[in-house]
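A quick write-up on the structure given underneath.
A short reminder: the numbers here are calculations on the coordinates, not readings from a lab. For clarity, every value in this text was computed on a predicted model and none was experimentally measured. Neighbour counts are summed over all protein chains in view; Cβ atoms, including those assigned to glycine, are modelled from backbone coordinates with ideal geometry.
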Amino acid sequence: MTRLVVISNRVSIPEPGKSEAGGLAVAITGALDEYGGLWFGWDGEVSETAVSELTTVQRENITYATLPLPKEDYENYYLGFSNEVLWPVFHFNLGAMDFQLEYAKAYQRVNERFAGALSTLLEGGELIWVHDYHLLPLGKALRKEGVKDPMGFYLHIPFPSYDLLRAMPGYRGLLDDLLHYDLLGFQTDNDLHAFRQAVIETFGAEIAGDTIECNGRQVRTGVYPVGIDVDELIAEAEHSRDNEQARQLEEDLGERDLIIGADRLDYSKGLVQRFNAIEALLTQFEHRRQKTIFMQIASPSRSAIPEYDDLRRQLEEMAGHINGTYADLDWMPVHYLNQTFPREALIGLFRSARVGLVTPLRDGMNLVCKEFVAAQDPEDPGVLVLSELAGAASELSGALQVNPYDVDAIAAAIEQALNMPLDERQERYRQMLGVLRRNSLLEWRRRFMEHLSQQNSDAD
Ligand code: G6P
């Protein structure tokens, strides 16, 4: 079988015998496990020197090849261009964009360095799968290194509409970079449509079925919604009572209803609006006081970027304000945990919760909402309140969908969820579980890999 080479900005090497933390890492490891191969990218370390040496580690049939980022590149390529330019623009938040020429230069430089280092490890005759917004120019840089194998790129985050994209200096070059891949994958129809529109408006591209013809190149495109491993999650959820933390929480909750949110601490997740919605719930539906607990787990993320640090402080203040205003001697409405939570305990919390609050202002897909659904007890499932601006909204019609900016609508949806009769909850759960099974993680990578291999035989 053809070897698979995966490149992503962040590579997480699992401790022997330990399972992955979730999301992207699980998806990629699964693909590599199946095909055998190489995973290349940043090891998460920042080096004080400009030297960045390649390290390789073998775990079963996967080779991990990683590099640290010199401090300057960490600041300008990772924090700067990737997360202060691309991330906000692609998440429809132009106000948070901080474009600097140094950032753009570092972004190109690191992509070229990655291409140079990776090309020494390639054997030829492989399938190359590049992930996410940090690496838009990598395909073109690899071609310059003489790489001829099929290359696919998958965007995990949303693609912005053309008018937003245009506000980002250098967008033409990045669009052209993407056209050097053989296959481009997106989360939703909406993202693919926005990309097509951008290359039509910018370069006068022609669309022929699923192929884009542009600047003398032909690129195949497709929509591949990322999913989860449903059976594994169900098994984990069924065993969640074995987890000490989860069991303790269940006890502490008693008769109270748990509303749960779990996100990276990121402004795209709509956490400020969500906290306001909790306050609206407590003021507009007073009977929920004493009877409801809102737990928000916000795992620290990109805290060197001012917007992220400001958000952390704002949420701490908001949690303090809500608790200060509404708490009683024996009840605190908001439990705010600014920490990364062990996965097993998290799945246990999902299963105990009556409501899952997933209300991003914009999200490529969002796997938390899918995990929340799969973690439910089919006999007595909780209800998902989901932002209509998350990629997953187009699949999960069984959720109560809300506009994440509409605080009162979120509060009303929580109230509706808490009052929902059992048969309706079961019906909604069944609809969503069916979709999760159809669009599973396995299906996602099977379809992408199948299309990428077809590029292979076309090229032969
Ligand atoms: C999102 C991105 C991923 C990224 C993850 C964590 O899910 O799509 O590419 O790895 O966030 O962010 P971080 O900046 O810590 O890698």
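What percent antiparallel are the DSSP beta bridges of the chain, to the nearest 5?
Values: 13 of 65 bridges.
Antiparallel bridges make up about 20 percent of those DSSP assigns within the chain.
Give me the one-decimal nm value for the distance between modelled label points at Glu286 and Gln454, 7 Å along each residue's Cα-to-Cβ direction.
So the label points at Glu286 and Gln454 sit 6.2 nm apart.
What is the dipole size for the stretch 279-413, taken about its Cα centre, with +1 at each Lys and Arg Cβ and -1 at each Asp and Glu Cβ, in debye to the nearest 20?
Here the size comes out at about 180 debye.
Order of 384-397, 172-185 by packing, highest average Cβ count within 10 Å first?
Packing order, densest peptide first, comes out as 384-397, 172-185.
For the stretch 277-291, just list the computed ³J(HN,Hα) in residue order, Karplus coefficients 6.51, -1.76 and 1.60, θ = phi - 60°, integers in Hz, with x standing in for Gly and Pro.
Here the 3J(HN,Hα) series is 5, 5, 5, 4, 4, 6, 8, 7, 10, 4, 5, 7, 4, 6, 9 Hz.
Between Arg10 and residues 5 or more places away or on another chain, which pairs have amide H atoms under 5 Å apart, with H built 1.01 Å from N, and which residues are they?
Excluding prolines and chain starts, which carry no amide H, the hits are Trp42.
With N set to the residue count of the stretch 230-437, report its C-alpha Rg divided by 2.2 N^0.38 Å to two decimal places. Can you show the working numbers first?
Details: Rg = 15.8 Å, N = 208, 2.2 N^0.38 = 16.7 Å.
Working it through for the stretch 230-437, the quotient is 0.95.
Name the lysines eligible as straight-distance cross-link partners of Lys140: C-alpha to C-alpha under 16 Å, and not fewer than 8 places from it in the same chain.
Qualifying lysines at Cα under 16 Å: Lys105, Lys148.
For the chain, what is the charge dipole size about the Cα centre, in debye to the nearest 20, if Lys and Arg each add +1 at the Cβ and Asp and Glu each add -1 at the Cβ?
Values: 42 positive and 72 negative charges, 151 e Å.
The dipole of the chain has a size of about 720 debye.
Which whole-Hz ³J(HN,Hα) couplings does the stretch 132-139 yield from phi under the Karplus relation 6.51 cos²θ - 1.76 cosθ + 1.60, θ = phi - 60°, glycine and proline marked x?
6, 5, 5, 10, 3, x, 5, x
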